[in-house]
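Asks: Mind looking over this structure? Questions follow.
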Amino acid sequence: MTRKLFGTDGVRGKANSHPMTAELALRLGAAAGRHFRKLGQNDHRVVIGKDTRLSGYMIENALTAGLTSTGMNVLLLGPVPTPAVGFLTRSMRADLGIMISASHNPASDNGIKFFGPDGFKLSDEAESQIEAIMEGVIEPAQPQNIGRAKRIEDGLGRYVEYAKTTFPGRGLLSGMKVVVDCANGAAYRAAPEVLWELGATVIPVGVSPNGFNINENCGSTHTEAAEAAVVAHGADLGICLDGDADRVLIIDQNGEVADGDQIMALFAARWAAEGRLRGGALVATVMSNLGLERFLEGHGLKLERTKVGDRYVVERMRQGGFNLGGEQSGHIVMTDHVTTGDGLIAGLQFVAAMVETGKSASELARQFAPVPQQLRNLRFGAGREPLAAGAVKAVIAEAEARLAGHGRLVIRKSGTEPLIRVMGEADDAVLLGEVLDGIVAAIQTAAPAE
């Protein structure tokens, strides 16, 4: 079944515009409630978390109305990281978990992500089934079976305590100075608290959300503030999260940034040496750098690639029995600990590597030399399909022939925006620029932006 509403990571759009309206959120909540009541339990419950966007209040209330109308009892967590929702869905024996967030997008956007009772994100099939229910008549619960809503005051505390258990040893961060940038988002309380309780001196950045400043000049998409804070305070490292804290980038003591590929390379090599990397492989997307693949091959390990989206990484991990995966953007999934990307827990694992090896962040944050990589994002007009144009196909075929054996291309349509993402990498940066320029020109000619 083709999905019309769900994209690569739930439902997402501009707040108060389709599909992120109160009306649609209410109906989506009712459909999800009706779908999960099929489980046949007497006490149906759903946990809902959110980030710090102003529109989160509106969507939270609308979802609650829809869910309770079909007999679901709603447990409201307030602002918590996305991975906390996955953790608490399973911990609280809920039928469903929902995170209200547009992740790294600006405050004007919002989104709705669903987690199943096992704490993992829903499959494409389950999302399609919910869409099908929305298109029909949604049967409400009888008056005596309408659900209740309750605020859970200790949800964040439960996650904080769990996050600390993933760090090996006690009090090992004493004397370590850490900058943590919470992007004015969902981890603005949790991340500094965890690091402080583990003994670090914490320099917080992006911890003053006002409903409008999430991801604004801070966080993993804008690391400049954290880079400056690390250097200014003489910190040992910086941990940069995004708005819902499912991504992380590391800033070394010199203010240099390490992306998800470098972090995954470090973890994969260490885990393999310790005999705890299951399947002898790392799972990453087609966007991960060719240098990562070569690094893994040099350690006798494999790189399993998936299409873009951390949920597809997790699906492949579960299918193959792997326990480490993620994305170049900073989603790091460690299924020994969490069910989805967790920026804070991944950051803790990086700090643990520093403590255990005695090495600096800069020594650990550059595991391989990246192959030159370029990404071009091209907007296109509504209703157009530029990748279907014959002229575009011909230019792409020619580019692939020129790069054969020396690089690769990944060209895809965004699942959340009217964008064509053109990524290429090659040992020869000049050649790479030439082929990408040709592809970009062909796409812009076939489907100019409005």
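Asks: Could you list, ordered by first residue, the pairs with Cβ atoms under 7 Å in which the first is in segment 276-291 and in a strand (DSSP E or B) and the second is of a type in the set (G, A, S) and surrounded by 20 or more Cβ atoms within 10 Å (Cβ to Cβ), at least 6 apart or interchain?
Replies: Hits for this filter: L282/A268; L282/G325; V283/G325; A284/G325; A284/G326.
Asks: A further question follows. Among the residues of segment 73-89, are any in a helix (DSSP H, G or I) and among the small types (G, A, S)? Give the steps one after another, and end with the answer.
Replies: Step one: of segment 73-89, the residues in a helix (DSSP H, G or I) are 82-89.
If we keep only those that are among the small types (G, A, S) as well, we get 84, 86.
Checked segment 73-89: at least one residue is in a helix (DSSP H, G or I) and among the small types (G, A, S).
Asks: State all residues of segment 187-218 that are aliphatic (A, V, I, L, M) and assigned to a loop (DSSP other than H, G, I, E, B); if no residue qualifies, say none.
Replies: Going residue by residue through segment 187-218, those that are aliphatic (A, V, I, L, M) are 187, 190-191, 194-195, 198, 200, 202-203, 205, 207, 214.
The answer is A187, L198, A200, V207, I214.
Asks: List the number of the failed condition for A273; all other conditions in (1) surrounded by fewer than 22 Cβ atoms within 10 Å (Cβ to Cβ); (2) within 24 Å of the chain's Cα centre (by Cα); (3) of a type in the set (A, V, I, L, M) hold.
Replies: Failing condition for A273: (2).
Asks: List, please: which pairs have Cβ atoms under 6 Å, are six or more places apart or on different chains, and start with a residue in segment 137-158 that is on the phi < 0 side of the Ramachandran plot and in a helix (DSSP H, G or I) and end with one that is of a type in the set (G, A, S) and surrounded by fewer than 17 Cβ atoms within 10 Å (Cβ to Cβ)?
Replies: Here the result reads none, with nothing in segment 137-158 linked to a residue that is of a type in the set (G, A, S) and surrounded by fewer than 17 Cβ atoms within 10 Å (Cβ to Cβ).
Asks: Would you be able to say whether some residue in segment 150-171 is touching a strand residue (DSSP E or B) at 6+ places or on another chain (Cβ under 6 Å), more than 30 Å from G66 (Cα to Cα) and at pLDDT 95 or above?
Replies: Within segment 150-171 (the criterion being touching a strand residue (DSSP E or B) at 6+ places or on another chain (Cβ under 6 Å), more than 30 Å from G66 (Cα to Cα) and at pLDDT 95 or above), the answer is no, since none of the residues qualifies.
Asks: Could you run through segment 105-121 and say how many residues are open to solvent by 10 Å² or more (accessible area, probe 1.4 Å) and either in a loop (DSSP other than H, G, I, E, B) or within 17 Å of R45 (Cα to Cα) (or both)?
Replies: Residues in segment 105-121 being open to solvent by 10 Å² or more (accessible area, probe 1.4 Å) and either in a loop (DSSP other than H, G, I, E, B) or within 17 Å of R45 (Cα to Cα) (or both): 8 in total.
Asks: Identify the residue in segment 244-263 that is touching an Asp or Glu at 6+ places or on another chain (Cβ under 9 Å) and either without any contact (Cβ under 8 Å) to a residue 60 or more places away in the chain or hydrophobic (A, V, I, L, M, F, W, C) (or both) and, among all such residues, is nearest to H104 (Cα to Cα).
Replies: A245
Asks: For the condition at positive phi, open to solvent by 40 Å² or more (accessible area, probe 1.4 Å) and not acidic (D, E), what is the one hit in R37, R93, R27, R3? Lay out the reasoning, then the answer.
Replies: Values: R37 fails: at positive phi; R27 fails: at positive phi; R3 fails: at positive phi.
R93 is the lone residue from the list that is at positive phi, open to solvent by 40 Å² or more (accessible area, probe 1.4 Å) and not acidic (D, E).
The values are calculated or read from the model by the stated rules, or taken from the named source; none is laboratory data. As the structure is a prediction and not an experimental result, all values here were calculated from the model. Here Cβ is always computed from backbone atoms with ideal geometry, including for glycine, and neighbour counts include all displayed protein chains. With ligands, DNA and RNA removed, areas are computed over all heavy atoms of the protein, side chains included. Shrake-Rupley method; radii C 1.70, N 1.55, O 1.52, S 1.80 Å.
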